[in-house]
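S.K.: What follows is a single structure, and I will ask about it in a moment.
Nothing in this text is a laboratory measurement; each read-out follows from the coordinates by a stated rule. This structure is a prediction, so every number in the text was calculated from the model and none was measured. Cβ placement follows ideal geometry from the backbone for every residue including glycine, while neighbour counts extend to all protein chains displayed.
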Amino acid sequence: MKVKLSQAVKMFFGKSSLEAVYSEAIANALDANATKIDIRISANTFNQPETLIIEISDNGEGFTDERYKKFSNLFDVNEGTHKGLGRLVYLYYFENIDITSFYNRTKQRTFRFSEGFDENENAVIDVDERPSGTRLLMTHYSLQKIAKESFVTPDCIKHKILEEFYARLFQMKQKGTSVAIKIESTLEDFTAKASIESADIPDFNLVELDSSVTLIDKFFLYYSIKKVDNNPSLVAAIAVDNRTVKVDLITEKNLPDYEMVFLLYSEYFDGKIDAARQDLIIPKSEFKEVENLFRKNVISLIEDKISDIKDRNEETKKRLIRRYPHLGGYFETRNIGYISRNDIIKKAQDEFFKAQREILEAASLTDEQFNKSLELSSRSLTEYILFRQITIQKLKSSTSSNSEAELHKLFASMGKDGRFEKKDAVDDLYRNNAWLLDDKYVTYETVLSNREMGELIQKITEEEIKDGDRPDIALIFSNNPGDKKPFDVVIVELKKKGISLEECMIVETQLQKRARKLMKYYNNQIQRIWFYGIIEFNEEVETHLMGEYKKLYSSGKMYYKEMSVVMSLDPTDRLPIGVFIWDLDAVVRDADARNSAFLNLIKSKFIQ
């Protein structure tokens with residue numbers, strides 16, 4: 001062999017899987033007109049890959065002089081369906097492949113295929129007359145592990161072989177040639193078996209497709225759709241050079257109880273596969289056309305043969321529109337139920353954003369663009385209302401296992417990302433959820449989330465003050481302090497669910513501490529200060545609050561108390577402050593009620 005094998009192996013088969021060993025051996029056996037192929041796999045355990053041995057035998061014509069010469073010379077092929085490289089995959093996984101082959105009735109050839117392979121080192125002897133055939137014994141597995149257990153599981157190997165050789169096995173079945181492939185695996189003294197017979201190859205139906213991919217080559221679709229009681233499956237593949245290349249046309253999630261196989265044939269694909277048979281060599285634009293053609297016709301056949309599939313997909317469509325009403329009209333409805341839900345949503349979002357960008361980048365709006373801008377703005381608002389609802393649902397589902405930081409982040413991003421200014425409100429729309437407290441707080445001037453107290457005071461007074469104390473949330477709203485107009489300040493302290501009464505009531509101390517630093521500016525620049533402690537209510541907490549606080553009657557639970565905060569000791573200076581203790585569930589319910597009003601209005605307009 002005239003090529004350095006170690007380099008060739010890495011170059012062509014670096015992305016392969018162990019399954020390629022079976023595929024290559026079967027392809028070679030079928031090329032040698034084999035009709036019986038046996039695969040035997042053994043290992044001490046799955047976790048001892050060094051003990052893995054694979055033996056593959058067939059009843060083909062064997063390594064005749066001509067076949068051995070071609071094997072010995074890389075790239076030596078005599079037809080376009082071969083690449084002359086497949087045998088290299090053996091060396092990617094095994095150091096030694098010992099080959100024994102019988103041919104011409106009385107000849108036996110033995111040789112070792114390894115990195116140091118020398119074509120002259122083979123032994124040919126005369127033997128008693130016997131059937132021809134070849135045995136490959138692969139030992140000394142060279143990788144550190146077997147990547148997947150499915151690579152040595154007979155049922156999985158069977159599925160992979162069928163997936164890759166459906167086209168060729170079907171052609172043989174049409175010609176009346178019976179093929180039997182047996183697979184046996186023994187690991188930890190447990191033996192599993194699987195087999196492929198001609199009966200496993202469906203009796204395919206054939207349709208010719210209307211295509212604009214090429215004006216010369218025709219496209220044909222072979223298909224089989226069969227009802228099964230369990231283990232539904234779908235194979236969609238392109239037939240290339242006597243093999244098949246899988247195409248992910250349809251997600252296998254939620255497949256109906258059918259076994260479906262779709263094979264796309266065309267002379268257009270001849271030779272258009274890489275040397276390692278891993279990827280099609282087709283320009284992206286052309287492959288997209290092929291993929292769309294393939295999917296369109298597969299979907300049409302499925303809907304024609306499976307009566308209830310349309311109803312199921314229509315219900316899926318309705319659920320998507322209910323969940324994402326702003327994307328109604330952007331969903332690829334033809335693909336709903338066939339490609340993944342996430343892909344459907346992402347493609348709709350991409351189209352939505354594309355339409356937004358076109359409008360925003362327009363120098364002036366035509367009447368058509370103006371009408372479209374109204375539609376897009378309503379969809380953008382819908383997207384925001386939906387985001388708010390998702391945030392509310394996350395708060396509803398929070399438990400004592402969620403940390404205080406996780407809870408805090410639902411109200412606003414924290415720390416270095418926790419400063420929000422009015423001028424950036426649109427950009428911060430999905431990071432600052434002050435509306436959870438009250439929708440009036442969307443008129444904020446500044447929101448500081450887990451930022452230093454000194455930063456808040458500097459914003460109020462324009463004086464640089466060092467104070468590392470960090471309120472959970474500090475909010476300035478109604479006016480900008482820089483405009484010298486009265487404004488309001490809100491201080492919020494949050495506590496996670498599932499903590500003790502003592503830990504909950506720490507909010508009182510924290511709020512008094514914040515008040516002591518802010519009240520000196522009250523009636524000067526600050527017109528009102530609101531102090532909120534948000535905690536989880538339970539019987540013990542409410543009993544404590546009832547002793548000192550007044551219950552405010554509202555849709556949720558809230559308690560209020562005025563307390564005196566000492567501002568200085570000499571002279572003693574006290575100022576009254578009002579503190580609200582608010583049930584976390586009440587915050588969520590109130591926000592939900594407000595947002596649901598918008599959501600219900602939107603649904604009534606989008607869903608007709």
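S.K.: With a/c under 1.5 counting as rounded, go ahead and sort segment 399-593 into rounded, prolate or oblate using the C-alpha gyration tensor (a ≥ b ≥ c being the square roots of the eigenvalues; past the cut-off, prolate if a/b is larger than b/c, else oblate).
M.R.: On the way: a/c = 1.63, a/b = 1.13, b/c = 1.44.
Oblate shape, in that a/c is at least 1.5 and b/c is the bigger or equal ratio.
S.K.: Mind pulling the per residue volume of the convex hull built on the Cα atoms of segment 307-397? Å³ is fine. Spell out each step's value before the answer.
M.R.: Values: hull volume 10.1 nm³, N = 91.
Per-residue hull volume (Cα only) is 111 Å³.
S.K.: Same structure, new question: Could you point to the residue in ILE581, GLY415, ALA474 farthest towards the positive end of segment 399-593's charge dipole, with +1 and -1 charges on the Cβ of Lys/Arg and Asp/Glu respectively?
M.R.: Selected residue: ALA474.
S.K.: Scale the Cα Rg of segment 5-198 by the rule-of-thumb value 2.2 N^0.38 Å and send over the ratio, two decimals.
M.R.: Against the compact-globule rule of thumb, the ratio is 1.00.
S.K.: Still on this structure: Kirkwood Rh and Cα-based Rg: tell me the resulting Rg over Rh for segment 93-135, rounded to two decimals. Could the numbers behind the result be given before it?
M.R.: On the way: Rg = 11.5 Å, Rh = 11.1 Å.
Computed over Cα atoms, the ratio is 1.04.
S.K.: Please determine, in degrees from 0 to 90 and to the nearest 10, the orientation of helix 154-174 with respect to the longest principal axis defined by the Cα atoms of the chain, where the helix direction is its Cα long axis.
M.R.: In the chain, helix 154-174 runs at an angle near 50 degrees to the longest axis.
S.K.: Given a Förster radius of 35 Å and the C-beta distance between SER340 and PHE370 as r, what FRET efficiency does 1/(1 + (r/R0)^6) yield to the nearest 0.05?
M.R.: Values: r = 36 Å, r/R0 = 1.03.
Here the calculated transfer efficiency is 0.45.
S.K.: Further, regarding this structure: Based on the mean of other Cβ atoms within 10 Å per residue, sort peptides 508-517, 306-315 so the most packed one is first.
M.R.: Working: 508-517: 18.0, 306-315: 13.0.
In descending order of packing, they fall as 508-517, 306-315.
S.K.: Set the Förster distance to 35 Å, then compute FRET efficiency between LEU429 and TYR560 from the Cβ-Cβ distance, nearest 0.05.
M.R.: Details: r = 31 Å, r/R0 = 0.90.
Calculated value: 0.65.
S.K.: Turning to a different aspect of this structure: Lys/Arg Cβ at +1, Asp/Glu Cβ at -1, dipole of segment 307-397 taken about the Cα centre: which of ILE385, GLY329, ASN371 is farthest positive-ward?
M.R.: ILE385
S.K.: Using the structure shown, list the pairs from LYS347/LYS416; LYS394/LYS423; LYS513/LYS550; LYS145/LYS288; LYS317/LYS440 with a Cα-Cα distance above 26 Å, or answer none. Numbers along the way, then the final one.
M.R.: Values: LYS347/LYS416 33 Å; LYS394/LYS423 28 Å; LYS513/LYS550 22 Å; LYS145/LYS288 36 Å; LYS317/LYS440 36 Å.
In this structure, LYS347/LYS416; LYS394/LYS423; LYS145/LYS288; LYS317/LYS440 lie more than 26 Å apart at Cα.
S.K.: A further question follows. For segment 205-298, what class follows from the C-alpha gyration tensor (a ≥ b ≥ c being the square roots of its eigenvalues): rounded when a/c is under 1.5, otherwise prolate if a/b is larger than b/c, else oblate?
M.R.: Values: a/c = 1.98, a/b = 1.60, b/c = 1.24.
Prolate, since a/c reaches 1.5 and a/b exceeds b/c.
S.K.: Right, here's the next one. Using the basic label-point model (7 angstrom from Cα toward the beta carbon), what is the GLN512 to ASN230 distance in nanometres?
M.R.: If labels sit at GLN512 and ASN230, their model points lie 6.7 nm apart.
S.K.: Continuing with the same structure: Give the residue from LEU234, ALA25, ASN44 lying farthest towards the positive end of the charge dipole for the chain; charges sit on Cβ (+1 for Lys and Arg, -1 for Asp and Glu) and the dipole is referred to the Cα centre.
M.R.: The residue sitting most towards the positive pole is LEU234.
S.K.: For the chain, what does -39500 (n - 2.57) per DSSP helix run (n ≥ 4), summed and divided by total residues, give at 222 nm, in deg cm²/dmol to the nearest 500?
M.R.: On the way: 15 runs with 211 residues, N = 608.
Using -39500 (n - 2.57) per qualifying helix, the result is -11000 deg cm²/dmol.
S.K.: Given that compact globular proteins tend to follow 2.2 N^0.38 Å, what is the ratio of the alpha-carbon Rg of segment 480-580 to that value? Spell out each step's value before the answer.
M.R.: Working: Rg = 15.1 Å, N = 101, 2.2 N^0.38 = 12.7 Å.
After normalising by residue count via 2.2 N^0.38 Å, the value is 1.19.
S.K.: Okay, next question. Please give the contour-minus-distance gain from VAL207 to ARG322: 0.36 nm per residue of separation, less the Cα-Cα distance, rounded to one decimal in nm. Before the final figure, lay out each step's value.
M.R.: Values: separation 115, 0.36 × 115 = 41.40 nm, distance 3.75 nm.
Length difference between fully extended and current span is 37.7 nm.
S.K.: Only Lys, Arg, Asp and Glu count, each charged at its Cβ (+1, +1, -1, -1), so figure out the dipole size of segment 498-539 about its Cα centre, rounded to 20 debye.
M.R.: 580
S.K.: Do me a favour and compute the ellipsoid semi-axes for segment 418-518 from its Cα gyration tensor, root of five times each eigenvalue, largest one first, whole Å. The partial results should precede the final answer.
M.R.: Numbers: eigenvalues 108, 64, 27 Å².
In descending order the semi-axes read 23, 18, 12 Å.
S.K.: Neighbouring Cβ atoms within 10 Å as the yardstick, rank SER340, SER413 fewest first.
M.R.: Working: SER340 15, SER413 19.
Neighbour counts put them in this order, fewest first: SER340, SER413.
S.K.: With charges only on Cβ, +1 for K and R and -1 for D and E, what is the dipole size of segment 5-198 about its Cα centre, in debye, rounded to 20? Don't skip to the answer; put the middle values down first.
M.R.: Details: 24 positive and 29 negative charges, 102 e Å.
Charge dipole, segment 5-198, about its Cα centre: 480 debye, nearest 20.
S.K.: Could you give the angle, 0 to 90 degrees to the nearest 10, between helix 19-31's Cα long axis and the longest principal axis of the Cα atoms of the chain?
M.R.: The angle comes out at about 30 degrees.
S.K.: If neighbour count is taken as other Cβ atoms inside 10 Å, put PHE220, PHE63, PHE487 in order from fewest to most. Don't skip to the answer; put the middle values down first.
M.R.: Working: PHE220 14, PHE63 27, PHE487 20.
Fewest-to-most Cβ neighbours within 10 Å comes out as PHE220, PHE487, PHE63.
S.K.: Turning to a different aspect of this structure: Does the chain come out rounded, prolate or oblate, given a ≥ b ≥ c as the square roots of the eigenvalues of its C-alpha gyration tensor, rounded meaning a/c under 1.5 and, failing that, prolate meaning a/b above b/c? Working shown, then result.
M.R.: On the way: a/c = 3.08, a/b = 2.33, b/c = 1.32.
The shape class here is prolate.
S.K.: Could you give the angle, 0 to 90 degrees to the nearest 10, between helix 539-548's Cα long axis and the longest principal axis of the Cα atoms of the chain?
M.R.: 20
S.K.: If you don't mind, another one. Determine the relative contact order of segment 5-198: mean sequence separation of Cα pairs under 8 Å and six or more apart, normalised by residue count, in whole percent.
M.R.: Relative contact order for segment 5-198 comes out at 26 percent.
S.K.: Right, another one. Hey, got the dipole for the chain? About the Cα centre, +1 on K and R Cβ, -1 on D and E Cβ, debye to the nearest 20? Before the final figure, lay out the partial values.
M.R.: Values: 88 positive and 99 negative charges, 217 e Å.
Dipole magnitude for the chain comes out near 1040 debye.
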